[in-house]
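Novice: Next up is a structure, given as structure tokens.
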Amino acid sequence: GYGYARGKNGYAYKADGLPWKMLLWDFDFGLGTPDSHPWDISLFNEISDPVISNKFLQCAPFRRSFLQASKEYIVGPMLFSEIEPAIDARYAALCAEGVGAYGPSALKQWIALRRNNVLTQLSEYEAVFAITSNGGGNFSTNRNLVLLRGAAPLDVRYIAINGVRYTPEWMTVTNWQVSLSLGAGANSLTVQGVDRNGDAVAGASDTITITFTGGAVSPVGQLVINEIMYNPTNDSAEFVEICNRSTNAAFDLYDFRLQGADLTFTQSVVLAPGGYAIAAELPAAFAAAYGDKI
């Protein structure tokens, strides 16, 4: 057989020095073995790296994403119906090969206790879905650009307003806001929380009516193509920059079409007065080519 030992980058190496398999290292020190962490330890225990601790987990969108990922594995792979058959199968295979493996009862107990504990920790970050702008009550405004604010449970990734998807800005782990361009008169809004698969989250909906007291505003002459990069030296770094020339009106690019670029905006992109938007062929190529130069 091959001899192996833990080497660089967490890999095991054969006697010939080539990588053989990935080892699970520091996986809660064995999930129930005498050296494992307690099942009720904090989700944020032993995070001492200053970048992760101060700049990552203290940033509301990142902290929320971490909690969402934690919830996904708790309600998915760590369900007992999912994990028990895999544990039993592996234990049976080891026994069949004559390996004196420890019985899996302690492991199963630790996982069950840990799962329930993490669910309890996550419940502290759950919120009832609601619109919080103006206390959730209808209101009027003389500006066609509003910041609609609310709260949402962890399952919510996006906000749909009258069927149009918005990517919210997360102000805290539970509180969101989106920029919204209003039409003249009463705007009756149905606000729905959407999960990462694009499905409506059960119970995550609310309604509000916002009345814009100003008149209808046309985007003609206000939304202009400000810059075009059609033949860059970097492959796939083409882009079109759109500018809102208005000093007092916002416009939503949803359902607008850039002819010649074969692009229709399928999500909300709200341009505030004087605001800009860039449509890039490949965002990664755009970032690599221009960084923060534009």
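The values are calculated or read from the model by the stated rules, or taken from the named source; none is laboratory data. Please read all numbers here as calculations on a predicted model, not as lab measurements. We place every Cβ from the backbone using ideal geometry, glycine too, and count neighbours over all the protein chains shown. Heads up: the accessible areas ignore ligands, DNA and RNA and are worked out on the full protein's heavy atoms, side chains in. Shrake-Rupley method; radii C 1.70, N 1.55, O 1.52, S 1.80 Å.
Novice: Exactly one of these conditions fails for ILE225: (1) without any contact (Cβ under 8 Å) to a residue 40 or more places away in the chain; (2) under 25 Å from GLY137 (Cβ atoms); (3) β-branched (Val, Ile, Thr). Give me its number.
Specialist: Result: ILE225 passes all but (2).
Novice: Quick check on ILE278: is it of a type outside the set (Gly, Ala, Ser) and open to solvent by 60 Å² or more (accessible area, probe 1.4 Å)?
Specialist: Details: of a type outside the set (Gly, Ala, Ser): yes; open to solvent by 60 Å² or more (accessible area, probe 1.4 Å): yes.
The answer is yes for ILE278.
Novice: A follow-up question, please. Would you pick out the residues in segment 40-59 that are in a helix (DSSP H, G or I) and not charged (D, E, K, R)? Spell out how you get there, then give the answer.
Specialist: Our first condition is that a residue be in a helix (DSSP H, G or I); within segment 40-59, this holds for 50-56.
Passing the criteria: PRO50, VAL51, ILE52, SER53, ASN54, PHE56.
Novice: Further, regarding this structure: Only one of (1) surrounded by fewer than 13 Cβ atoms within 10 Å (Cβ to Cβ); (2) under 18 Å from the mean Cα position of the chain (by Cα); (3) of a type in the set (Gly, Ala, Ser) is not met by GLY163, so which one is it?
Specialist: (2)
Novice: Counting only residues that are open to solvent by 70 Å² or more (accessible area, probe 1.4 Å) and touching a Phe, Trp or Tyr at 6+ places or on another chain (Cβ under 9 Å), how many does segment 92-101 have?
Specialist: 0
Novice: What are the residue pairs meeting all of these: first residue in segment 72-91, first residue open to solvent by less than 60 Å² (accessible area, probe 1.4 Å), second residue not in a helix (DSSP H, G or I), Cβ atoms under 6 Å, and 6 or more apart or on different chains?
Specialist: From residues that are open to solvent by less than 60 Å² (accessible area, probe 1.4 Å), the pairs are ILE87/PRO104.
Novice: Additional query: Six or more apart or on different chains, Cβ under 7 Å: which pairs go from a residue in segment 133-162 that's acidic (Asp, Glu) to one that's open to solvent by 10 Å² or more (accessible area, probe 1.4 Å) and not in a helix (DSSP H, G or I)? Could you list them?
Specialist: Hits for this filter: ASP155/ASP195; ASP155/VAL201.
Novice: Let me spell it out: the conditions are (1) open to solvent by less than 40 Å² (accessible area, probe 1.4 Å); (2) in contact (Cβ under 8 Å) with a residue 40 or more places away in the chain; (3) outside any strand (DSSP E or B), and SER246 meets all of them except one. Which number is the exception?
Specialist: With (1) open to solvent by less than 40 Å² (accessible area, probe 1.4 Å); (2) in contact (Cβ under 8 Å) with a residue 40 or more places away in the chain; (3) outside any strand (DSSP E or B) applied to SER246, the lone miss is (2).
Novice: Report whether or not PRO104 is touching a strand residue (DSSP E or B) at 6+ places or on another chain (Cβ under 9 Å) and not hydroxyl-bearing (Ser, Thr, Tyr). Don't jump to the end; show me each part of the working.
Specialist: Working: touching a strand residue (DSSP E or B) at 6+ places or on another chain (Cβ under 9 Å): no; not hydroxyl-bearing (Ser, Thr, Tyr): yes.
No.
Novice: Looking at segment 181-190, is at least one residue within 29 Å of ILE74 (Cα to Cα), open to solvent by 20 Å² or more (accessible area, probe 1.4 Å) and either more than 12 Å from the chain's Cα centre (by Cα) or of a type in the set (Gly, Ala, Ser) (or both)? If you could, list the steps in order and put the result at the bottom.
Specialist: Step one: of segment 181-190, the residues within 29 Å of ILE74 (Cα to Cα) are none.
No; the residues of segment 181-190 include none that is within 29 Å of ILE74 (Cα to Cα), open to solvent by 20 Å² or more (accessible area, probe 1.4 Å) and either more than 12 Å from the chain's Cα centre (by Cα) or of a type in the set (Gly, Ala, Ser) (or both).
Novice: Yes or no: segment 250-257 includes at least one residue that is under 30 Å from LEU147 (Cα atoms), among the small types (Gly, Ala, Ser), in contact with a Pro (Cβ under 9 Å, 6 or more places away or on another chain) and assigned to a loop (DSSP other than H, G, I, E, B).
Specialist: First pass over segment 250-257, keeping only residues under 30 Å from LEU147 (Cα atoms): 250-257.
Next cut, among the small types (Gly, Ala, Ser) only: 250.
Applying the additional criterion that residues be in contact with a Pro (Cβ under 9 Å, 6 or more places away or on another chain) yields 250.
Applying the additional criterion that residues be assigned to a loop (DSSP other than H, G, I, E, B) yields 250.
Within segment 250-257, one or more residues are under 30 Å from LEU147 (Cα atoms), among the small types (Gly, Ala, Ser), in contact with a Pro (Cβ under 9 Å, 6 or more places away or on another chain) and assigned to a loop (DSSP other than H, G, I, E, B).
Novice: Restricting to segment 106-157, count the residues that are under 18 Å from GLY193 (Cβ atoms) and either open to solvent by less than 60 Å² (accessible area, probe 1.4 Å) or touching an Asp or Glu at 6+ places or on another chain (Cβ under 7 Å) (or both).
Specialist: Initial filter on segment 106-157 (under 18 Å from GLY193 (Cβ atoms)): 122-123, 125-133, 136, 147-157.
Going one step further and asking which of them are either open to solvent by less than 60 Å² (accessible area, probe 1.4 Å) or touching an Asp or Glu at 6+ places or on another chain (Cβ under 7 Å) (or both), we end up with 122, 125, 127, 129-131, 133, 136, 148, 150-157.
Total meeting the criteria: 17.
Novice: Among the residues of segment 60-85, count how many are under 22 Å from VAL194 (Cβ atoms), assigned to a helix (DSSP H, G or I) and among the aliphatic types (A, V, I, L, M). Steps first, answer last, please.
Specialist: We begin by selecting, within segment 60-85, every residue under 22 Å from VAL194 (Cβ atoms); these are 60-76.
Filter once more, so that each one left must be assigned to a helix (DSSP H, G or I): 60-74.
With the extra rule that they be among the aliphatic types (A, V, I, L, M), the set shrinks to 60, 67, 69, 74.
Summing the residues that are under 22 Å from VAL194 (Cβ atoms), assigned to a helix (DSSP H, G or I) and among the aliphatic types (A, V, I, L, M) in segment 60-85 gives 4.
Novice: Of these, ASP199, ASP262, ASP206, ASP195, which one is modelled with pLDDT under 95 and open to solvent by 30 Å² or more (accessible area, probe 1.4 Å)? Lay out the reasoning, then the answer.
Specialist: Values: ASP199 fails: modelled with pLDDT under 95; ASP206 fails: modelled with pLDDT under 95; ASP195 fails: modelled with pLDDT under 95.
After ruling out the rest, the residue left standing is ASP262.
Quick grid of which residues meet (1) under 18 Å from ALA69 (Cα atoms); (2) over 15 Å from the mean Cα position of the chain (by Cα):
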| site | (1), (2) |
| --- | --- |
| TRP110 | no, yes |
| ASN117 | yes, yes |
| GLU124 | yes, yes |
| ALA127 | yes, yes |
| THR132 | no, yes |
| THR141 | no, yes |
| GLY150 | no, yes |
| TYR158 | yes, no |
| VAL173 | yes, no |
